[in-house]
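**Q** I'd like to ask some things about the structure below.
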Amino acid sequence: MKVLGIDPGSRITGYGIIIKEGNRLIHVDNGAIFTDAKLDFPLRLQRIYRGLTAVIEQYRPDAVAVEDIFFATNVQSALKLGQARGAAIVAGVNAGLPVHEYTALQVKQAVVGHGRAAKDQVQKMLKALLNLPEVAQEDAADALAVAVCHANSIGLNSLLRQRLKDTRN
């Protein structure tokens, strides 16, 4: 299964693509989509959407995983982040892909083993897990972490859905 992980941001949106084969995680690519803060905000959202659409067209993932909104004290920042997430989600949905959302706590738990891990711990663990030649750029590393979280959650999510379905019958 090929997974596109996305770390949405209104200034920088990170992306990371991995493949899960059995228990192996294989790094495919990672990077970031940068927007110009001088542009009107709708044009920045368009840049995020178009950039992710191009990534989806190039790599043809099977699923998209997006980091969920974190608690923000600045309301304006939270609104902009939510809109950037929306652009990312629509890029996946418009490509006909299933879109999954994970909190930062879930992502850190899946990658490092505890939800309060520091960013540098996540980056170092990803370097080791994915056999990266160097530590990925911060936003790209966050996106790779979201992809790893989804890849490691696939079986668990299926099991939980089946159990829920069984209890309803």
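The values are calculated or read from the model by the stated rules, or taken from the named source; none is laboratory data. In this text, all values refer to a predicted model and were calculated from it rather than measured experimentally. Using ideal geometry, Cβ is built from the backbone for each residue, glycine included, and neighbour counts are taken over all protein chains shown. Each accessible area value is taken on the protein alone, full model and side chains, heavy atoms only, with ligands, DNA and RNA left out. Shrake-Rupley method; radii C 1.70, N 1.55, O 1.52, S 1.80 Å.
**Q** Rounded, prolate or oblate for the range 44-91? Axes are the square roots of the Cα gyration tensor eigenvalues, ordered a ≥ b ≥ c, and the cut-off for rounded is a/c under 1.5. Before the final figure, lay out each step's value.
**A** Details: a/c = 4.08, a/b = 1.91, b/c = 2.14.
Oblate, because a/c is 1.5 or more while a/b does not exceed b/c.
**Q** Which value in deg cm²/dmol, rounded to the nearest 500, describes the helix-derived mean residue ellipticity at 222 nm for the chain, given -39,500 (n - 2.57) per DSSP H run of n ≥ 4 and division by the residue count?
**A** So the calculated ellipticity at 222 nm is -18000 deg cm²/dmol.
**Q** Let me ask another. Which order, highest average first, do 113-124, 42-53 follow once you tally other Cβ atoms within 10 Å for each residue and take the mean per peptide?
**A** Numbers: 113-124: 14.3, 42-53: 18.1.
Those peptides, ordered most packed to least, come out 42-53, 113-124.
**Q** Going through the DSSP H helices of the chain, which span 30 Å or more along their own axis at the Cα atoms while scoring at least -1.0 as a mean Kyte-Doolittle hydropathy? Could the numbers behind the result be given before it?
**A** Numbers: long enough: 138-168 (42 Å, -0.08).
Within the chain the helices that satisfy the rule are 138-168.
**Q** Please compute the alpha carbon radius of gyration of the chain, then divide it by the globular-protein estimate 2.2 N^0.38 Å. Two decimals is fine.
**A** Here the answer is 1.02, to two decimals.
**Q** Report, ordered by chain and residue number, the lysines lying within cross-link reach of LYS2, taken as a straight Cα distance under 16 Å and ignoring same-chain residues fewer than 8 apart.
**A** LYS20
**Q** Tell me the carbon and sulfur percent of the accessible area for the chain, rounded to whole percent, probe radius 1.4 Å.
**A** Details: 4880 of 9380 Å².
That fraction is 52 percent.
**Q** Which of ASN152, ASN74, ASN94 moves the most in a Gaussian network model of the chain with Cα springs under 10 Å?
**A** Of the options given, ASN74 has the highest mean-square fluctuation.
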